Amino acid sequence: MEYRGFTLDPFQSQAIEALRRGDSVLVSAPTGTGKTVVADWIVETAMQNQQEVIYTAPIKALSNQKFRDYVELFGEDSVGLVTGDLVVRRDAPCRVMTTEILRNILLCGESVEKLKAVIIDEIHFLDDRERGTTWEEVLIYLPKHVQIVGLSATLANLDEFADWLSFVRGQTVSVVKEHQRAVPLSYWICTKETGIANQKAVRQAWKSSGRTQSKQNYKRNRRRKGQGGRRDRSSETTHIDVFKAMGKGHRPYLYFVFSRARAEDLARHLGRWLRNPLTNDSERVATQKHLQSFLKQPGAETALTPDLEHIYLQGVAFHHAGLHVMLKGLVEQLYEAKLIKVLYCTGTFALGINMPARAAVFDSLKRYDGYGLIPLPTREFMQMAGRAGRRGLDSEGTVVMRMDLGDFGEFDPQIKGYLEADYEPVHSRFSLSFNSVVNLLHRHPLARIQKLIEKSFLSWHRQKVAQKERHSASNMAQKLRDAGYDITDKLPTKWHKQRKIIQKLNRRADRHENASWREFEERVEFLQVYDYIGVDMEFYAGAKALMHFQIQEIFSTELFLAGIFDELTPPMLFGLCCGMCLELPRGTSVYDAKKHRGFTKRVQRIARSDIVMDASYLTGQPVIWDGTVLPLGKAWAEGQDLSEIMNMFHSNTDISGSLISGFRRAKDLLNQLKGVWMDFPDKCEMLKSLLKDVSRDEVEVID
């Protein structure tokens, strides 16, 4: 089969044929093999038939990149973009949007009669702790006539997931798997002692070094390291050791780290350490032209500091989610132009953005998950490793893991799992938000809501577990009957244990079968206890406001009910919203933070009130309130630019990108407040004016 003048790979043809039959499709293929061609085909087919198609992605950067790609492919008038920040051609036949936006469209009952298909990129985000519920809700709420195109490089339990999706959609879901990469990968370890070597060679060096330890001593030594105990720095493998071992032949390479501050520190350190630039004369001239063009933009002079200009000219850069949005775009331009030879970056750089390298280096095989250090999951490792190997340029992609030789014993089994592609299964994170609960109650009778909830991946899995438990209980009960007894009989002593097991299995099956609906009922009971809704499901003021709030939903509603939003000037209102959307990293001090101490304490009391804390406990979602952010948001709303705001605080790392993300999310919260105030024209006009004031410069940029 051919498409756009290219002969399709077998897995691409298989997926497209399934879509032609009217099936939904799950495509699992390694990064860089061309699974997005399947998405491009369904987009073009839908528009040719005067139908609509929606492309969703988990991060805005990926949404924005896809928007630009589709504008180039299908023309400006045919493609729209709908995110929390921007709405461009909302009625276009092809719309690129975040999954949250699509969920809201479905929950609010907007018509999707002409919608042919929804493409869900990185569909494995369904098991994301914070956002996974949104993915499930979209798959449940979409009408049955809509085809699903799910794309992922890393779905382990793909067939189980497809079985659930077939159950939910009431239609065939075809599974298409491709295991072969277009550019094969080779895996290596780099230690100071061995240089770059394979796992077997490093294992031999580790054994020969005499650094193998008993499990007891190993754990004790790891504890000492974690408690700030001394370690032998002379044996530590540094990023400079990796750089020396990699040599020119492996550039450009991505150096993945799991800390924004470390990405910056290592890039600056390499820039200082280098005696000669990694770029040649013509490349430095090209870089200089990019920098000169960049400096013509408003605010660029403040963003591009002399030390950054120096490392860019050296062919070195760093990239992370907190980076100034203008610098993020500049680094991506320089990298695409092959002017960056070593890029220190966090994992977000690997997520869907089409920027491959000759090699990928891992600074560590552990990362912080918000609670503590965990082994880097195989799914994430392979997502990042998949950036190595440029199609048409490299015969092989190189993946290197930096480590100290003495730590090899800890990571040896983990590396084996990576090499065997032992992916973790996707688990459901389904947990209805209070906003979803009130919107479902507003739109559907309880019987319909129960059917929707029981379609969740979590409920489906619980039903499967319950079936197994009942089957085991039934088999044991049959053995009892074969022995001439009934479970209700007075049994001989030797059968007492079996009866207890049967009863226990049946009780557990009951709990699993009803768990998802019981969780919904718990949320309804919560809303009734706190007088958001009545016992007859009548909506009071709290529930009516809650229908619009999705960010810090109960916290936002309580602030609204307390009249806090009403009493503020527009800049203070924006500052408040910023403090609810962003927590500054430790070590950041805002010089003007004490000025609004009285007000921030009032808000803090609401943030720590019983209802807000009980809601947080019930949903597992943290309450965010950082009063030190308020003066920064207020200053932005008053017209100060980012460079002026950067002088209002001290931080150990660049948080300008995080600030901009916080400002953008605060805009989303203002839009939700606008929905609550829809019957108050004066307030809506004030919000409209405020949104216009804060939607400028970096906050308005498509990054």
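The values are calculated or read from the model by the stated rules, or taken from the named source; none is laboratory data. Since the model is a prediction, treat every value here as computed from it, not as a measurement. Neighbour counts are summed over all protein chains in view; Cβ atoms, including those assigned to glycine, are modelled from backbone coordinates with ideal geometry. Areas reflect the complete protein model, heavy atoms only, side chains present, ligands, DNA and RNA absent. Shrake-Rupley method; radii C 1.70, N 1.55, O 1.52, S 1.80 Å.
So the check is Cβ under 7 Å with 6+ separation or different chains; which pairs have a first residue in the range 500-528 that's under 30 Å from Leu480 (Cβ atoms) and a second one that's β-branched (Val, Ile, Thr) and surrounded by fewer than 17 Cβ atoms within 10 Å (Cβ to Cβ)?
Close Cβ pairs (under 7 Å, with a partner that is β-branched (Val, Ile, Thr) and surrounded by fewer than 17 Cβ atoms within 10 Å (Cβ to Cβ)) amount to Ile502/Ile487; His512/Val465.
If a residue must be closer than 24 Å to Leu365 by Cβ and part of a loop (DSSP other than H, G, I, E, B), how many such residues does the range 395-428 contain? If you could, list the steps in order and put the result at the bottom.
Initial filter on the range 395-428 (closer than 24 Å to Leu365 by Cβ): 396-427.
Right, trim to part of a loop (DSSP other than H, G, I, E, B) and you get 396, 403-404, 420-427.
The number of residues fulfilling the criteria is 11.
Identify, please: which residue in the range 277-306 is β-branched (Val, Ile, Thr) and free of Cβ contacts under 8 Å to residues at least 12 places away in the same chain and is, among those, farthest from Gly347 (Cα to Cα)?
In the first step, residues of the range 277-306 are kept if they are β-branched (Val, Ile, Thr); the result is 279, 285, 287, 302, 305.
Remaining after also requiring free of Cβ contacts under 8 Å to residues at least 12 places away in the same chain: 285, 305.
Working: Val285: 30, Thr305: 25 Å.
So the residue we want is Val285.
Determine, yes or no, whether Gly249 is modelled with pLDDT under 95, under 30 Å from Lys341 (Cβ atoms) and small (Gly, Ala, Ser). If you could, list the steps in order and put the result at the bottom.
On the way: modelled with pLDDT under 95: yes; under 30 Å from Lys341 (Cβ atoms): yes; small (Gly, Ala, Ser): yes.
Yes.
Among the residues of the range 14-50, how many are open to solvent by 20 Å² or more (accessible area, probe 1.4 Å), over 24 Å from Pro356 (Cβ atoms) and among the polar types (S, T, N, Q)?
Residues in the range 14-50 being open to solvent by 20 Å² or more (accessible area, probe 1.4 Å), over 24 Å from Pro356 (Cβ atoms) and among the polar types (S, T, N, Q): 5 in total.
Only one of (1) open to solvent by 20 Å² or more (accessible area, probe 1.4 Å); (2) farther than 26 Å from Val426 by Cα is not met by Asn104, so which one is it?
(2)
Asp363: charged (D, E, K, R) and more than 15 Å from Tyr255 (Cβ to Cβ), yes or no? Lay out the reasoning, then the answer.
Working: charged (D, E, K, R): yes; more than 15 Å from Tyr255 (Cβ to Cβ): no.
Taking the combined requirement at face value, the residue does not satisfy it.
Cβ-Cβ under 7 Å, sequence separation 6+ or interchain: first residue in the range 641-661 and within 9 Å of His324 (Cα to Cα) and at pLDDT below 80, partner among the basic types (Lys, Arg) and open to solvent by 20 Å² or more (accessible area, probe 1.4 Å). Which pairs?
The qualifying pairs are Gly657/Lys328.
Quick one: count up the residues across the range 83-96 that are touching a residue at least 12 places away in the same chain (Cβ under 8 Å), under 24 Å from the mean Cα position of the chain (by Cα) and surrounded by fewer than 23 Cβ atoms within 10 Å (Cβ to Cβ).
Residues meeting the conditions: 4.
Can you name the residue in the range 533-570 that is in contact (Cβ under 8 Å) with a residue 60 or more places away in the chain and of a type in the set (S, T, N, Q) and is also least open to solvent (accessible area, probe 1.4 Å) among such residues?
Ranking the candidates gives Ser556 first.
Conditions: (1) open to solvent by less than 20 Å² (accessible area, probe 1.4 Å); (2) within 24 Å of Ser186 (Cα to Cα). Lys248 meets all but one. Number of the miss?
Exception for Lys248: condition (1).
Residue by residue through the range 290-314, note down the ones that are under 14 Å from Tyr335 (Cα atoms) and either open to solvent by 30 Å² or more (accessible area, probe 1.4 Å) or out of contact with any helix residue (DSSP H, G or I) (no Cβ under 7 Å at 6 or more places or on another chain) (or both).
First, pick out the residues of the range 290-314 that are under 14 Å from Tyr335 (Cα atoms): 290-291, 311-314.
Residues satisfying the conditions are His290, Leu313.
Scanning the range 154-171 for residues that are open to solvent by 10 Å² or more (accessible area, probe 1.4 Å) and part of a loop (DSSP other than H, G, I, E, B), which turns out modelled with the lowest pLDDT?
Taking the range 154-171 as the starting set, the residues that turn out to be open to solvent by 10 Å² or more (accessible area, probe 1.4 Å) are 155-157, 159-160, 163, 166-167, 170-171.
When the remaining residues are screened for being part of a loop (DSSP other than H, G, I, E, B), the result is 155-157, 170-171.
On the way: Leu155: 72, Ala156: 75, Asn157: 83, Gly170: 88, Gln171: 87.
Only one residue fits best here, namely Leu155.
Filter the range 104-159 for residues that are more than 19 Å from Ala92 (Cα to Cα), among the charged types (D, E, K, R) and in contact with a helix residue (DSSP H, G or I) (Cβ under 9 Å, 6 or more places away or on another chain) and give the result.
If the condition is that a residue be more than 19 Å from Ala92 (Cα to Cα), among the charged types (D, E, K, R) and in contact with a helix residue (DSSP H, G or I) (Cβ under 9 Å, 6 or more places away or on another chain), then Asp121, Glu122, Asp127, Asp128, Arg131, Glu136, Glu137, Lys144 are the ones that fit.
With (1) open to solvent by 30 Å² or more (accessible area, probe 1.4 Å); (2) in contact (Cβ under 8 Å) with a residue 24 or more places away in the chain as the list, and Asn435 as the residue in question, which single condition is left unmet?
Asn435 satisfies every listed condition except (1).
Under 8 Å between Cβ atoms, which residue pairs at least 6 apart in sequence (or on different chains) link something in the range 598-611 that is modelled with pLDDT of 95 or more with a partner that is surrounded by 14 or more Cβ atoms within 10 Å (Cβ to Cβ) and among the charged types (D, E, K, R)?
Ile606/Glu558; Ser609/Glu558; Ile611/Glu558
How about the range 506-532: which of its residues are over 19 Å from Arg448 (Cα atoms) and open to solvent by less than 40 Å² (accessible area, probe 1.4 Å)?
Taking the range 506-532 as the starting set, the residues that turn out to be over 19 Å from Arg448 (Cα atoms) are 506-512, 526-532.
Selection gives Ala509, Phe526, Leu527, Tyr532.
When you go through Lys455, Lys464 one by one, which is the residue that is closer than 30 Å to Ala162 by Cβ and without any contact (Cβ under 8 Å) to a residue 24 or more places away in the chain?
Lys464
Would you check if there is a residue in the range 321-332 being free of Cβ contacts under 8 Å to residues at least 60 places away in the same chain and either exposed (fewer than 15 other Cβ atoms within 10 Å of the Cβ) or touching a Lys or Arg at 6+ places or on another chain (Cβ under 7 Å) (or both)?
no
Might you check whether a residue that is in a helix (DSSP H, G or I), closer than 30 Å to Leu106 by Cβ, open to solvent by 70 Å² or more (accessible area, probe 1.4 Å) and aliphatic (A, V, I, L, M) occurs anywhere in the range 462-485?
The answer is no; no qualifying residue exists.
Whether any residue in the range 303-321 is modelled with pLDDT under 85 and within 20 Å of the chain's Cα centre (by Cα) is what I want to check.
Within the range 303-321, the first condition is being modelled with pLDDT under 85, and the residues that meet it are 303, 320-321.
Narrowing further to those that are within 20 Å of the chain's Cα centre (by Cα): 320-321.
Within the range 303-321, one or more residues are modelled with pLDDT under 85 and within 20 Å of the chain's Cα centre (by Cα).
For the range 353-376, how many residues meet the condition of being out of contact with any Gly (no Cβ under 9 Å at 6 or more places or on another chain), open to solvent by 30 Å² or more (accessible area, probe 1.4 Å) and either part of a loop (DSSP other than H, G, I, E, B) or at pLDDT below 85 (or both)?
Adding up the residues that qualify gives 5.
Which of (1) closer than 30 Å to Ser235 by Cβ; (2) surrounded by fewer than 16 Cβ atoms within 10 Å (Cβ to Cβ) does Leu393 not meet, given it meets every other one?
All conditions are met except number (1).
Going through the range 391-415 one residue at a time, which ones are under 10 Å from Thr191 (Cβ atoms) and among the hydrophobic types (A, V, I, L, M, F, W, C)?
Met401, Met403, Leu405, Phe408, listed by residue number.
Is there a residue in the range 258-276 that is in a loop (DSSP other than H, G, I, E, B), free of Cβ contacts under 8 Å to residues at least 24 places away in the same chain and either open to solvent by 10 Å² or more (accessible area, probe 1.4 Å) or not basic (Lys, Arg) (or both)? So that I can check it myself, show each step before the final result.
Taking the range 258-276 and keeping what is in a loop (DSSP other than H, G, I, E, B), we get 258-259, 274-276.
From what's left, free of Cβ contacts under 8 Å to residues at least 24 places away in the same chain: 275-276.
Narrowing the set further to residues that are either open to solvent by 10 Å² or more (accessible area, probe 1.4 Å) or not basic (Lys, Arg) (or both) leaves 275-276.
Checked against the condition, which is being in a loop (DSSP other than H, G, I, E, B), free of Cβ contacts under 8 Å to residues at least 24 places away in the same chain and either open to solvent by 10 Å² or more (accessible area, probe 1.4 Å) or not basic (Lys, Arg) (or both), the range 258-276 yields at least one hit.
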